[in-house]
Amino acid sequence: MRKIIHVDMDAFFASVEIRDDPSLRGKPVIVGGQPNSRGVVATCSYEARKFGIHSGMASSAAYRLCPQAVFLHPNFEKYVAVSRQIRQIFLDYTDLVEPVSIDEAYLDVTFNKCGIPYATRTAREIKRRIVQTTGLTASAGVSYNLFLAKIASDYQKPDGLTVITPERAPEILRKLPIGKFYGIGKVTEKYLLEHGIRTGADLLKLSKLELVQTFGKTGEYYYNVVRGIDDREVTPEHEPKSMGTESTFQHDTSDMTELVPFLRKQSDEVAAELKKYDCAGKTVTVKVKFFDFRTITRSRSLKDYTRDSDVIFSVARDLLEHTEAEKIPVRLLGLTVSNFPVSQKDESDPGQMIQPEFDFGEEEL
Ligand code: DCP
Ligand code: CA
């Protein structure tokens, strides 16, 4: 049984603006386009939501519903900065963090770095640290799969903490409006409502065959998710540790006038890849596989990080010239740049990994 936490900041853009201008506290605040523009509402404070205002609505329509609302332009740099801060907090608890948007992430805390035995306690601590660090509140959901954790975080917004245990899941799923199920978008929701399927309880009545015939592969997912089954895993952001390329020659060769231009081309490719992913590395490695499949690697570390094709090439060439490539026919050449700047994620101490007995903690719905 896994322990998944879904964390979602409350009225995110609006909360950041209110934090930075306390005179806005308690007022309907709308972040997005101005009322006299063609813009839309990015988000709004909970006070504004009472007037029926929501994300995606035309700002002019929002103004008609609540003329006294304060309309603000978004400050994306500020939101990204907060997003980084919360992600850093998550990484103190687990490396299995999957950000889903600027203000939302899934965490798999089945094995957590701090040895906290309860997912609920972990979630409470994360919420506390988010307030401490950013001055903002988040809602958290705790459960045994991603879908239920997400439903849970939405349950008691704002500043909520909800646990969905395996015992409570069936009841919650039966009552859940059909549009809230993962993968059911506006079109499918409309279709299902037209066919009298309004809640999880209605969805439960449909057989797997019926669902697959109507919705294809997704139908199978609907069948499972309403039964509390969701096998999706928390997939952390991919952080490359190195970038490289290798290829085999058409004919084995010891001819430097063939090998060196090959390495030049590989240096250009690796440099382009490093630029594309905004990476730079300190270590250049050349791999040589000889005709008899004997393979060697030669590396050198530089003083500075580089993604410069000329620098990479000159090091790689020197490394190659110090091998037996000129004497023994070469079958394959590879070039890799590694030793990227250590991200804070890698610096954090993995600490003691413990697997506590299964328990969501003391919290009940
Ligand atoms: N956002 C946007 N346009 C949308 C939806 C959202 O620009 N149509 C932005 C503004 C939100 C942020 O993304 O602040 C996060 O979106 P959420 O859906 O999580 O909404 P909020 O965080 O604003 O509110 P909630 O408390 O309901 O999570
Ligand atoms: Ca949010």
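Would you check if there is a residue in region 113-121 being part of a helix (DSSP H, G or I), more than 16 Å from ligand 1 (Cβ to nearest atom) and in contact with a Phe, Trp or Tyr (Cβ under 8 Å, 6 or more places away or on another chain)? Write out each step before concluding.
Kept after step one, since they are part of a helix (DSSP H, G or I), are these residues of region 113-121: 119-121.
Restricting the remaining residues to those that are more than 16 Å from ligand 1 (Cβ to nearest atom) gives 119-121.
Okay, now just the ones that are also in contact with a Phe, Trp or Tyr (Cβ under 8 Å, 6 or more places away or on another chain), so 119-120.
Looking through region 113-121, at least one residue is part of a helix (DSSP H, G or I), more than 16 Å from ligand 1 (Cβ to nearest atom) and in contact with a Phe, Trp or Tyr (Cβ under 8 Å, 6 or more places away or on another chain).
Residues in region 126-170 that are among the basic types (K, R) and in a helix (DSSP H, G or I): how many? Give the derivation first.
Pass one, region 126-170, residues among the basic types (K, R): 127-129, 150, 157, 168.
If we keep only those that are in a helix (DSSP H, G or I) too, we end up with 127-129, 150.
Total meeting the criteria: 4.
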Filter region 71-120 down to residues that are within 15 Å of I4 (Cβ to Cβ) and among the charged types (D, E, K, R) and give me whichever is farthest from ligand 2 (Cβ to nearest atom). D95
Does at least one position in region 97-112 carry a residue that is closer than 21 Å to A14 by Cβ, of a type outside the set (G, A, S) and surrounded by 18 or more Cβ atoms within 10 Å (Cβ to Cβ)? yes
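Do the conditions hold for Y182, that is, is it closer than 20 Å to A149 by Cβ, without any contact (Cβ under 8 Å) to a residue 60 or more places away in the chain and either surrounded by 14 or more Cβ atoms within 10 Å (Cβ to Cβ) or small (G, A, S) (or both)? Break it down stepwise before answering.
Details: closer than 20 Å to A149 by Cβ: yes; without any contact (Cβ under 8 Å) to a residue 60 or more places away in the chain: yes; either surrounded by 14 or more Cβ atoms within 10 Å (Cβ to Cβ) or small (G, A, S) (or both): yes.
Yes, satisfied.
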Only one of (1) within 14 Å of ligand 1 (Cβ to nearest atom); (2) part of a strand (DSSP E or B); (3) at pLDDT 95 or above is not met by L107, so which one is it? (1)
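Tell me, yes or no, whether region 110-123 has at least one residue that is within 18 Å of I151 (Cβ to Cβ), at pLDDT 95 or above and basic (K, R). Break it down into steps so the answer makes sense when it comes.
First, pick out the residues of region 110-123 that are within 18 Å of I151 (Cβ to Cβ): 119-120, 123.
Filter again for at pLDDT 95 or above, leaving 119-120, 123.
From what's left, basic (K, R): none.
Within region 110-123, none of the residues are within 18 Å of I151 (Cβ to Cβ), at pLDDT 95 or above and basic (K, R).
Yes/no per residue for (1) out of contact with any Leu (no Cβ under 9 Å at 6 or more places or on another chain); (2) within 16 Å of ligand 1 (Cβ to nearest atom); (3) in contact (Cβ under 8 Å) with a residue 40 or more places away in the chain; (4) closer than 18 Å to V97 by Cβ:
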site: V131; (1), (2), (3), (4): yes, yes, no, no
site: S143; (1), (2), (3), (4): yes, no, yes, yes
site: I151; (1), (2), (3), (4): no, yes, no, no
site: D154; (1), (2), (3), (4): yes, yes, yes, no
site: K157; (1), (2), (3), (4): yes, yes, yes, no
site: T162; (1), (2), (3), (4): no, yes, yes, no
site: E167; (1), (2), (3), (4): yes, no, no, no
site: L173; (1), (2), (3), (4): no, no, yes, no
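Name the single residue, out of those in region 207-249 being among the acidic types (D, E) and surrounded by fewer than 13 Cβ atoms within 10 Å (Cβ to Cβ), that is farthest from the chain's Cα centre (by Cα). Explain how you work it out, then say what you get.
In the first step, residues of region 207-249 are kept if they are among the acidic types (D, E); the result is 210, 220, 230-231, 233, 237, 239, 246.
Next, from what is left, pick out any that are surrounded by fewer than 13 Cβ atoms within 10 Å (Cβ to Cβ): 210, 231, 237, 239.
On the way: E210: 33, D231: 17, E237: 5, E239: 11 Å.
It comes out as E210.
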How many residues does region 252-283 contain that are touching a helix residue (DSSP H, G or I) at 6+ places or on another chain (Cβ under 7 Å), aliphatic (A, V, I, L, M) and within 19 Å of E324 (Cβ to Cβ)? 3
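Pick from region 271-309 the residues that are among the charged types (D, E, K, R) and part of a helix (DSSP H, G or I): which of them is surrounded by the fewest Cβ atoms within 10 Å (Cβ to Cβ)? Break it down stepwise before answering.
Residues of region 271-309 among the charged types (D, E, K, R): 273, 275-276, 278, 282, 287, 289, 292, 294, 298, 300, 303-304, 307-308.
Then keep just the ones that are part of a helix (DSSP H, G or I); that gives 273, 275-276.
Numbers: E273: 16, K275: 13, K276: 10.
Applying the filter and picking the extreme gives K276.
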Scan region 173-231 residue by residue and report those that are among the small types (G, A, S) and in a loop (DSSP other than H, G, I, E, B). G183, G185, G196, S207, G216, G228
Please work out if L72 is under 18 Å from D103 (Cβ atoms) and either free of Cβ contacts under 8 Å to residues at least 40 places away in the same chain or buried (at least 16 other Cβ atoms within 10 Å of the Cβ) (or both). yes
Count of residues meeting criterion [within 15 Å of ligand 2 (Cβ to nearest atom) and at negative phi] in region 1-28: 14
Would you point out which residue out of H6, H54 is within 14 Å of ligand 1 (Cβ to nearest atom), surrounded by fewer than 16 Cβ atoms within 10 Å (Cβ to Cβ) and not in a helix (DSSP H, G or I)? H54
Condition first: farther than 23 Å from G160 by Cβ, among the β-branched types (V, I, T) and within 12 Å of ligand 1 (Cβ to nearest atom). Can you find one or more residues in region 72-80 that meet it? yes
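Being part of a helix (DSSP H, G or I) and charged (D, E, K, R) is the filter here; which residues of region 233-268 pass it? Reasoning before the result, please.
To start, the set of residues in region 233-268 that are part of a helix (DSSP H, G or I) comprises 256-268.
Result: E258, R264, K265, D268.
The values are calculated or read from the model by the stated rules, or taken from the named source; none is laboratory data. Source: prediction; values computed, not measured. Every residue, glycine among them, receives a Cβ derived from its backbone with ideal geometry; neighbour counts consider all protein chains shown.
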